[in-house]
Every structure is written in C-alpha cells, then in structure tokens.
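Visitor: Got a structure here, written out as structure tokens. Questions coming.
Coordinate-derived values only; no laboratory data. Since we're looking at a predicted model, the values are computed, not measured. No Cβ is skipped: glycine too gets one built from the backbone with ideal geometry, and neighbour counts run over all protein chains shown.
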Amino acid sequence: MSTRTGRGGWQDDHLRVASLRVSEPESIAGLCRHRPDPERQVEVIGYYDETPPGGRKSNPYHPFVWCCHCGKPTHWKGYVIRDSEDDLFIIGAQNCGRDHYGVHFEEAERAFNQQLRRQRALQRWDYVQLQIPIVTSRIDLALHSDELRQIDEARQAFKAASSDCYRQIVRHIQGRIPLKRRLSERDYDAENKRRRQFERSIVAFNAFSADERRALRRDGLAPVEDHDPMFREWTEDYGQIEGGEFLIEEDDLRSRLLKVKSAISAIEAVAKLGTANVQTTKLSRLVADFRKALEDVFSRNIGLGFDSFFFATENVARLAKWADGFDHFGIEASDKGLVVIDRARRRTNIPRFEAAAFPIADELNAIAREIELLAS
Ligand SMILES: [Zn+2]
C-alpha cells in the first residue's frame with residue numbers, strides 16, 4: 001500500500017491526519033456484518049472506546065458494540081480491522097482478535113499500537129516546531145536582559161569581594177543550613193563560685209592538726225586554688241538566608257537558558273531532514289529534553305523571584321551577625337545593598353537589585369505543560 005513505509009507503518013504525513021480512533025464504530029461505511037474468514041491476513045486500522053463515563057458500575061444498561069467474533073454486541077472497546085480482501089470488521093479488544101485469528105492478531109495489534117505511539121509523538125513534535133520561534137526569541141531576550149546582567153554582576157562582585165565568604169554563603173543557601181555562630185565569654189560568676197568553694201575548703205583544711213595537714217598534703221588532698229579563666233559557651237542561631245539563589249553559579253539561569261537553546265538545536269537538526277527515518281523513541285526523547293529544559297528555566301526562576309529578600313534589612317543583619325564570627329571577612333548593611341569586607345579591610349559594595357523573576361518563564365512553563373498534555 002502506498003501509504004506504508006519501510007518501518008511497517010504509515011508514512012508520517014498520513015499518520016499526522018489519520019483518525020485512528022473511531023466513534024460510533026457500527027456506523028463505519030462498508031462495515032461487514034458477517035463472521036470474517038480467520039485464514040485471511042489481518043491489519044488493525046483503528047480503535048474505538050465507547051466506555052461511558054463512570055464505567056459499568058454507573059451504566060449497567062449502556063449498550064455494547066457488536067463484535068464480528070462474538071457475533072453480537074459484547075464490548076465497549078475494540079479494533080477496526082481490515083483483512084487481505086479489504087473487508088472491514090470491528091472486533092472486541094480483549095481476546096476476540098486472538099481467538100479468531102490466532103497469534104498473528106497480536107502482531108497486527110502491536111503494529112497498530114506503534115502507530116498510535118508515533119502519532120502522539122508526531123503531535124508533540126509538530127507542536128514543538130510551532131513553538132520554537134517564539135521560545136527562541138524569548139530565550140535570546142532573557143540572555144541579553146538587564147536582569148540577567150545584574151545577577152551576573154552581583155555574583156561576580158561578591159566572589160571578588162571575598163571568595164571565602166562567597167563560598168560559605170553559597171554552601172548555606174544550597175544546603176538550606178541556618179546561619180549559626182558559636183559564642184563564648186568569660187564566666188566571672190563561675191570563677192567566683194569556684195573561689196568561694198576554695199575558701200571554704202581552706203577553712204576546713206585548716207581545722208585539721210598540723211600532722212593531719214601534712215599527711216593530706218603528701219597524699220595530694222590539700223586544696224589548691226585554680227586560677228584558670230572560665231568561659232561560658234553558647235550558640236546563636238540567626239536562621240536561614242533568604243533569597244540569594246543568584247549567587248549559585250552551578251546550573252544557573254544562564255546555563256539553563258542555554259540548555260533550552262541546545263535542545264532546540266538538536267530538534268532543528270532532525271527536523272531539517274524530516275521525521276520519516278527517525279525512530280519514534282528519538283522523537284520523543286528530543287521533545288522530552290526540550291520540555292525538561294523549559295521546566296528547569298521555570299524552577300530556577302521561581303528561586304530568583306525571592307532574590308530581593310537577600311538584600312532586605314533583616315536578612316543583611318542576619319548575615320552581618322553571622323559574619324562577625326569570622327576574622328577574615330565581614331558583612332555590613334549599606335543603603336545601596338550590602339558591603340563585604342575582606343581580610344585587608346577592603347570594602348566591596350554588592351548593589352541591591354529588584355526581584356529578577358523573568359516573566360518569560362511562565363510562558364515557557366505553559367508550553368511545557370501543553371507538551372505534557374499532548375503526551376497523555
Ligand atoms: Zn467479541
């Protein structure tokens with residue numbers, strides 16, 4: 001048949017417009033109503049599913065569809081088949097095909113399911129082709145946007161200001177680790193208490209006779225005053241850093257935007273030659289990679305939406321208190337953002353920027369959602 005390809009299926013262009021699912025199967029033009037000759041070759045060319053919403057439980061009297069094998073209405077689901085003499089039949093989906101035609105029917109069923117899968121893959125593929133121009137222009141806009149430039153500049157400035165401070169903060173953000181600081185101070189109360197105890201034991205010691213005191217001294221039991229300073233230690237917890245995802249370089253928004261571009265390049269390289277000789281699994285994988293890349297832009301972008309909180313007064317105060325615990329860097333609030341101070345007391349201003357969430361991310365995510373819907 002002219003519409004078949006070497007892969008044993010329909011040509012893609014035919015498959016794109018073919019209605020593989022039929023409704024009202026008993027009304028198909030030219031449908032034969034006799035029992036088919038089981039010796040003939042058979043091909044599945046469509047399917048039907050007349051299952052009413054709610055299934056059998058809610059629809060005990062919903063009429064079944066006639067089946068050429070059973071010779072009466074017995075199923076809600078089944079196949080449209082054509083035999084080697086071009087006779088058309090409908091047959092129930094459970095075991096009727098195999099019962100009637102034997103194992104050959106399973107091959108026909110498998111071939112048809114491959115066509116179904118390919119048709120869905122082509123629908124997603126074609127949808128993606130339509131979206132590529134708009135996605136490409138959005139990505140290019142984002143890559144050259146002021147927002148992305150500000151993110152890059154703030155990160156570079158932070159890194160250059162104090163690489164150690166930068167590394168520690170990134171570690172806290174990535175691990176969602178609260179900022180804590182170990183503090184200690186001289187514990188005079190404890191030292192006074194210790195001295196009073198010593199004084200009491202001296203009084204007790206002096207109450208012994210000279211001989212007894214000598215014996216106690218010899219056995220190391222005479223009181224000795226301890227003059228070592230005593231310290232009180234505690235931990236202050238300043239809570240988690242708010243925002244600051246822009247500081248994370250690994251897998252950042254720029255690289256995620258570039259990943260969308262490379263997913264598009266991979267698709268375009270295949271699209272240029274046409275889909276005819278491309279495996280269904282490859283088409284699906286290219287589309288899935290593209291969809292994933294769009295979702296990744298969206299998820300990273302949600303984090304960036306919180307970045308203005310990083311420069312909020314409370315958050316900067318938290319960072320400053322935590323940084324006080326280090327002697328080789330410090331953080332101070334400034335009216336422009338925050339200041340990082342390095343070991344040599346060099347001050348670098350990290351300018352505050354407004355929430356850098358890109359509105360395009362929602363648009364990209366909507367396209368990802370649409371691809372997902374087409375896949376189901
Ligand atoms: Zn049947």
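Visitor: Given contacts defined as C-alpha pairs under 8 Å and at least six residues apart, what's the relative contact order of the chain, whole-number percent?
Guide: Relative contact order, the chain: 16 percent.
Visitor: About the Cα centre, and with charges only on the beta carbon of Lys, Arg (+1) and Asp, Glu (-1), how big is the dipole of the range 214-320? Nearest 20 debye, please.
Guide: Dipole about the Cα centre, nearest 20: 800 debye.
Visitor: If you don't mind, there's one more thing I want to ask. Put +1 on the Cβ of each Lys and Arg and -1 on the Cβ of each Asp and Glu in the range 94-222; which of Q174, Y127, Q94 then has its Cα farthest toward the positive end of the dipole?
Guide: Farthest towards the positive end: Q174.
Visitor: Only Lys, Arg, Asp and Glu count, each charged at its Cβ (+1, +1, -1, -1), so figure out the dipole size of the range 12-102 about its Cα centre, rounded to 20 debye.
Guide: The calculation lands at about 540 debye.
Visitor: Considering the options G220, A204, A190, tell which one lies farthest towards the positive end of the dipole of the range 188-229, charges being +1 on Lys and Arg and -1 on Asp and Glu at the Cβ, about the Cα centre.
Guide: The residue sitting farthest along the positive end of the dipole is A204.
Visitor: Could you please rank S201, S284, placing first whichever residue has the fewest other Cβ atoms within 10 Å of its Cβ?
Guide: Listing S201, S284 from fewest to most nearby Cβ atoms yields S201, S284.
Visitor: To the nearest 20 debye, what is the magnitude of the charge dipole of the chain about its Cα centre, counting +1 on the Cβ of each Lys and Arg and -1 on the Cβ of each Asp and Glu?
Guide: The dipole magnitude comes to about 640 debye.
Visitor: Could you work out how far helix 313-323 tilts from the main Cα principal axis of the chain, as a 0 to 90 degree angle to the nearest 10?
Guide: Tilt of helix 313-323: around 60 degrees.
Visitor: For the chain, set up a Gaussian network in which alpha carbons nearer than 10 Å are linked by springs, and say which option among R196, R117, R346 fluctuates the most.
Guide: Evaluated over the chain, the most mobile residue of the options is R196.
Visitor: A further question follows. Quick check on the chain: helices-only [θ] at 222 nm, where DSSP H runs of length 4 and up contribute -39,500 (n - 2.57) each and the sum goes over total residues. Nearest 500, please.
Guide: -16500 deg cm²/dmol
Visitor: I'd like the orientation of helix 188-206 relative to the chain: the angle between its Cα long axis and the longest Cα principal axis, in ° from 0 to 90, rounded to 10.
Guide: Tilt relative to the chain: about 50 degrees.
Visitor: Cα centroid distance between the range 137-170 and the range 264-290, in Å?
Guide: If you average the Cα positions of each part, the centres end up 33 Å apart.
Visitor: On a 0 to 90 degree scale, rounded to 10, what angle separates helix 146-161 from the longest Cα axis of the chain?
Guide: Between the helix axis and the principal axis of the chain, the angle is about 30 degrees.
Visitor: Right, another one. Using the number of other C-beta atoms within 10 angstrom as an exposure proxy, rank H227, H328 with the fewest first.
Guide: Ordered from fewest to most neighbouring Cβ atoms within 10 Å, H227, H328 come out as H227, H328.
Visitor: Continuing with the same structure: Could you tell me the center-to-center distance, by alpha carbons, between the range 224-257 and the range 55-93 in angstrom?
Guide: Comparing the Cα centres of the range 224-257 and the range 55-93, I get a distance of 68 Å.
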